[in-house]
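S.K.: Dumping the structure here so I can ask a few things about it.
Here, each number is a calculation from the coordinates, and none is a lab measurement. Predicted model, so just to flag it, every value in this text is computed and none were measured. Positions of Cβ are backbone-derived with ideal geometry, glycine not excepted, and every protein chain shown enters the neighbour counts.
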Amino acid sequence: MKYMNYFRYMVMIMLPALMVAACDKSHSFTQRPFPLLIKTEITDAGPEGARFRGEILEEGTDPVTDHGFYWGFHETLPPGLSQVVHLGPMENASDFESFVDFGMPAGKTLYVKAFAICGDLTVYSPVDQFVSQGCHTPEITAITPSPATYKQEISIQGKYFGSNDRLVDVTLYTDIQKTYFSDTLIKIEVPVQLTTKINEVTVDVMGMKATGTLELYPPVVSHISPGQVALKDTLDVYGDYLKPYPYFQDVLIGDTKCQVISPEKEHLRVLVNPLIETGKYYHVKVIIGDMSSVSPDSVYVGGQ
């Protein structure tokens, strides 16, 4: 009986303490540093875009430094393969929304999720999906400078290029690596493979395309040196807008093609073809696709 009374006494003392500890633990659990995102909703979907809505169930103790939405073709929505809209800091937990008018090809199934960033932590809502009815397609408003020359950086100005350069392909004869990207400006380098004066530039955003044109400076031959050469000698061709690449251009002494052994924008060094008829004067012609230039002076080709 003595031990039973002792046990009851200890329970009566400890029970209030356990209840207080349990309450403190529950309270600390709700004071999480990050908010809880309950859902994402898509409304007002039409041919010009759709409205994304996010709902925060409960705010955390740390401030929200950025929030917004990710969307794209992949259900997992990896940031590197998704479009994003940033809405910036949020002072108080609340619902938020954004009307998105880019990066949503018509007829495609797209996945959407909201996000909120607190310090180093990013929290997401469950993923929702919808079939897009369209959006603003990309537009090219200007390409500068034009004319341009090989390996020169040019700017493609426009709008609705999107938020993720990995979802944008730029084609100028071939796929081009971007040196700068934003929603309204893309910068690229003119590829050496171009062989026409007028060239089409294409910006492809998730299958939606915009086109523009880039004019290329034609080659200009100013002079050649030396004035007399023998077969298998080298001849220097000087000028502007020459192709700094040994291929995709022809250099002719008279009507005979010669090998380019040292190409630069203002200087080509060629090997005199041993098949050229000797004892004659020839002009030199540089041909790049549909563009060409002939030297104002001539070279005398003597014997070996």
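S.K.: Restricting to DSSP H runs of at least four residues, report the calculated mean residue ellipticity at 222 nm for the chain, -39500 (n - 2.57) per run over all residues, nearest 500 deg cm²/dmol.
M.R.: Numbers: 1 runs with 29 residues, N = 304.
Helix contribution divided over all residues of the chain: -3500 deg cm²/dmol.
S.K.: State, as an integer percentage, the relative contact order of the stretch 36-131 based on alpha-carbon contacts under 8 Å between residues 6 or more apart. List each step's numbers first, then the result.
M.R.: Values: 226 pairs, mean separation 33.9, N = 96.
Averaging sequence separation for qualifying contacts and normalising by length gives 35 percent for the stretch 36-131.
S.K.: List, in the order given, every pair from Lys178/Lys209; Lys39/Lys178; Lys159/Lys243 whose Cα-Cα distance in the structure shown is over 24 Å. Could the numbers behind the result be given before it?
M.R.: Details: Lys178/Lys209 16 Å; Lys39/Lys178 36 Å; Lys159/Lys243 32 Å.
Going by Cα-Cα distance, Lys39/Lys178; Lys159/Lys243 fall outside the 24 Å limit.
S.K.: Using amide H atoms built in the peptide plane, which far-off residues or other-chain residues are under 5 Å from Ser262 H to H?
M.R.: Amide H neighbours of Ser262: Arg269.
S.K.: For the stretch 154-257, what log10 I(q)/I(0) values come out of the Debye formula at q = 0.12, 0.20 1/Å, with one point per alpha carbon and no solvent?
M.R.: -0.55, -1.01
S.K.: What FRET efficiency would be calculated for the residue pair Asp66, Lys209, taking the C-beta separation as r and a Förster radius of 35 Å, to the nearest 0.05?
M.R.: Details: r = 31 Å, r/R0 = 0.89.
After rounding, the FRET efficiency stands at 0.65.
S.K.: Given a Förster radius of 41 Å and the C-beta distance between Thr76 and Gln193 as r, what FRET efficiency does 1/(1 + (r/R0)^6) yield to the nearest 0.05? Intermediate values should be presented prior to the final figure.
M.R.: Working: r = 37 Å, r/R0 = 0.90.
My answer for the efficiency is 0.65.
S.K.: Let me ask something additional. Output the 0 to 90 degree angle, nearest 10, between the alpha-carbon long axis of helix 2-30 and the longest principal axis computed from the alpha carbons of the chain.
M.R.: 30 degrees
S.K.: Would you kindly derive the ³J(HN,Hα) couplings of the stretch 252-257 from the backbone phi angles with the Karplus curve 6.51 cos²θ - 1.76 cosθ + 1.60 (θ = phi - 60°), listing them in order in whole Hz, with x for Gly and Pro?
M.R.: With the stated coefficients, the stretch 252-257 comes to 10, 9, x, 10, 9, 6 Hz.
S.K.: Please report Ser182, Ser295, Ser155 as a ranked list, fewest other C-beta atoms within 10 angstrom at the top and most at the bottom.
M.R.: On the way: Ser182 11, Ser295 19, Ser155 16.
Ranking Ser182, Ser295, Ser155 by Cβ neighbours within 10 Å, fewest first, gives Ser182, Ser155, Ser295.
S.K.: Moving on. Hey, of [x] 35; [y] 43; [z] 57, which did the structure itself give for percent of Cα pairs over 31 Å apart when calculated?
M.R.: Calculated percent of Cα pairs over 31 Å apart: the matching label is [z].
S.K.: For Thr278, Thr61, what ranking results if the residue with the fewest other Cβ atoms within 10 Å of its Cβ goes first? Write out the running numbers ahead of the final one.
M.R.: On the way: Thr278 14, Thr61 11.
Going from sparsest to densest Cβ surroundings: Thr61, Thr278.
S.K.: Sticking with this structure for a sec: For the stretch 151-156, take each phi angle, set θ = phi - 60°, evaluate the Karplus expression 6.51 cos²θ - 1.76 cosθ + 1.60, and give the result in whole Hz per residue in order, putting x for glycine and proline.
M.R.: With coefficients 6.51, -1.76 and 1.60, one gets 6, 8, 7, 10, 10, 9 Hz.
S.K.: Would you pull out the residues with amide H under 5 Å of Ile188's amide H, same chain only if 5 or more places away, H placed 1.01 Å from N?
M.R.: Long-range HN contacts for Ile188: Ile154, Ile156, Thr179.
S.K.: Let me ask another. Tell me whether the stretch 36-131 comes out rounded, prolate or oblate; compute the Cα gyration tensor, take square roots of the eigenvalues as a ≥ b ≥ c, and use a/c under 1.5 as the rounded threshold. Could the numbers behind the result be given before it?
M.R.: Details: a/c = 2.09, a/b = 1.72, b/c = 1.22.
Judged from the Cα gyration tensor, the stretch 36-131 comes out prolate (a/c at least 1.5, a/b above b/c).
S.K.: Here's another thing I want to ask about it. If R₀ is 41 angstrom, what is the calculated FRET efficiency for the pair His86 and Thr144, using the beta carbon separation as r and rounding to 0.05? It would help to have the intermediate numbers written out before the result.
M.R.: Numbers: r = 28 Å, r/R0 = 0.69.
E(calc), rounded to 0.05, equals 0.90.
S.K.: Using alpha carbon centroids, what distance separates the stretch 162-216 and the stretch 83-131, in Å?
M.R.: Comparing the Cα centres of the stretch 162-216 and the stretch 83-131, I get a distance of 28 Å.
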